[in-house]
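What follows is a short report on a single structure.
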Amino acid sequence: MNISTEAPISEPTENLVAPPKPATFGLDRSLVVRGTIIAGIVLAAGLAIPYVVLDTYYITMLFDGLILGMLALSIGFLARHLGLISLGHVAFFGGAAYAVGMAITHWGWAPLPAAMFGVAAGSVLALLMGLFVVRASGMGFLMLTLALGQALYQISIQRVAIPYTGAFDGLQLTYSSTATFLGFDKKDIMNAALFWPVVWVTLVLATYALWVVGRSKFGVVLEGIRENEERMRFSGFNTFRPRLIAFVLSGVVASVAGVLFALNAAYVSPEVLSFLKAGDSLTATIIGGMGTLLGPLVGGLLYVVAQAEFNTSGNLHLYTGIALILVLMFLPGGITGGIASLWNKVRGKITKGKGE
């Protein structure tokens, strides 16, 4: 029996299937490119807002909507990827704001290092809180985050905290008029139209970062934990660590929002840690829609606009309650979720009509 030792004839290279494109963070590179282009377009369009909305009242209202939207974005990230509803993210928002205030007013720091310290303080607080709460789920998680957030509120109003937080009097950010933050002096920072580019760029970058995380392999793991955590454990995944990382990441975004709020307002009060603030952020998240990335941002903007319009009537909470009931009954996915569902139905009918 003759055994040939010749090498087998290779197939023509033109018949071979091209290898898949390399992935970035577990994402298809083309998807990353499309997402980056869209983010760039949104970034450029948003920077033009102060040149279109010239009225000081309306640009300030939109500015406040961006801050609330960023806080709601951090809450929506956890709700969308882990199914966890938090009422304690005001702890990171307010904790970071107070950290900035104390660093500037009591320690004499410049605004930029104080802002970095504020983000770091809020992030550490998120890590510490996460170690206690991320093992819980459902109502237990919600109540734990609420309890820890309100504990921080109570600490901020104690008599012993007066030298640091000012208690109910709040904390005024006082620093030299020559001190700057990324080239903006105090007067520019407190001007919503002039400080808008900083907040808008930060918001777009935070949204883009959360989008990348959600679309990556890590995001797939989070969604697996959301759907069936027990099965993920049986599959060999450590579910505690991804939950903690996601919680801290959302806390970082909330901390950045708190820092920007404190710099713009130049004043921090216990209200930023209150249950009312926690309710506002969660309501904005629900109204905008937790199932989409843009839902909390839309909800934050709409909530602030509605609050400004209805507050003069004296029935703000009545209207807020009615709006929340209507959304929960008829738009369970929020406003953006309802729009997306309607668009999918219309697109399906168009596709079906073309097929026929």
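The values are calculated or read from the model by the stated rules, or taken from the named source; none is laboratory data. All figures in this text were calculated on a predicted structure; none of them were measured in a lab. Glycine also receives a Cβ, built like all others from the backbone with ideal geometry; neighbour counts cover every protein chain displayed. These accessible areas exclude ligands, DNA and RNA; they are computed on the full protein's heavy atoms, side chains included. Shrake-Rupley method; radii C 1.70, N 1.55, O 1.52, S 1.80 Å.
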**Request:** Answer yes or no as to whether residue 298 is farther than 18 Å from residue 327 by Cα and touching a residue at least 24 places away in the same chain (Cβ under 8 Å).
**Result:** no
**Asked** Across the range 225-262, what is the number of residues that are open to solvent by less than 20 Å² (accessible area, probe 1.4 Å) and of a type outside the set (Lys, Arg)?
**Response** 15
**Request:** Of all residues in the range 149-174, count the ones that are part of a loop (DSSP other than H, G, I, E, B), touching a Ser or Thr at 6+ places or on another chain (Cβ under 8 Å) and open to solvent by 50 Å² or more (accessible area, probe 1.4 Å).
**Result:** 1
**Item:** Test result for residue 182, touching an Asp or Glu at 6+ places or on another chain (Cβ under 6 Å), of a type in the set (A, V, I, L, M, F, W, C) and surrounded by fewer than 18 Cβ atoms within 10 Å (Cβ to Cβ)
**Value:** no
**Fill in**
The number of residues in the range 219-252 that are among the polar types (S, T, N, Q) and modelled with pLDDT of 90 or more is 1
**Item:** Positions within the range 43-65 being surrounded by 20 or more Cβ atoms within 10 Å (Cβ to Cβ) and over 15 Å from residue 190 (Cα atoms), in sequence order
**Value:** 65
**Asked** Between residues in the range 201-221 that are more than 15 Å from residue 66 (Cβ to Cβ) and open to solvent by less than 50 Å² (accessible area, probe 1.4 Å) and residues that are among the small types (Gly, Ala, Ser) and not in a helix (DSSP H, G or I), which pairs lie under 7 Å by C-beta distance while being six or more apart or on different chains?
**Response** 216/26
**Prompt:** Does the range 88-110 contain at least one residue that is open to solvent by less than 20 Å² (accessible area, probe 1.4 Å), closer than 13 Å to residue 258 by Cα and not in a helix (DSSP H, G or I)?
**Reply:** yes
**Fill in**
Filtering the range 242-288 for residues that are hydrophobic (A, V, I, L, M, F, W, C) and within 26 Å of residue 217 (Cα to Cα) leaves a count of 10
**Asked** Within the range 61-87, which residues are over 25 Å from residue 194 (Cβ atoms), assigned to a helix (DSSP H, G or I) and among the β-branched types (Val, Ile, Thr)?
**Response** 75
